[in-house]
1. Among (1) without any contact (Cβ under 8 Å) to a residue 60 or more places away in the chain; (2) closer than 13 Å to Ile13 by Cβ; (3) surrounded by 14 or more Cβ atoms within 10 Å (Cβ to Cβ), which single condition is Lys44 missing?
2. Which one is nearest to Gly19 (Cα to Cα), of the residues in the range 50-75 that are in contact (Cβ under 8 Å) with a residue 40 or more places away in the chain and in contact with a Ser or Thr (Cβ under 6 Å, 6 or more places away or on another chain)?
3. For Ala72, are the conditions met, namely being in a helix (DSSP H, G or I), surrounded by 15 or more Cβ atoms within 10 Å (Cβ to Cβ) and modelled with pLDDT under 95?
4. Can you tell me which residue in the range 51-69 is surrounded by the fewest Cβ atoms within 10 Å (Cβ to Cβ), limited to those that are more than 12 Å from Asp25 (Cβ to Cβ) and basic (Lys, Arg)?
Amino acid sequence: MAKIKNINAIKDIHLDIGGTFDYIDANLPEKYSRETLALLPLHKKVDPAYIRIVKKYRIKNEAIINALYRVAQWNELQKDKS
């Protein structure tokens, strides 16, 4: 994965949390934990299993949702290029 800087949090995705998770489910690659973990700030690092739990049970954890959303966006861009 290319180097994606974890800049400001994406504010709009937390307004429609159901739509956000639908987008993440539709565009997230099969293996996403490592990329998501790389995008998390140092003080928010967690176990990769917890990232999968947040995605599966749609737990509201803003840092992880932001990272999942960015990985999904990156994967969608890669699909569009090919």
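The values are calculated or read from the model by the stated rules, or taken from the named source; none is laboratory data. As the structure is a prediction and not an experimental result, all values here were calculated from the model. Backbone-built Cβ (ideal geometry, glycine too); neighbour counts: all protein chains shown.
1. (2) is the only condition that Lys44 fails.
2. Leu68
3. no
4. Going through the qualifying residues, I end up with Lys60.
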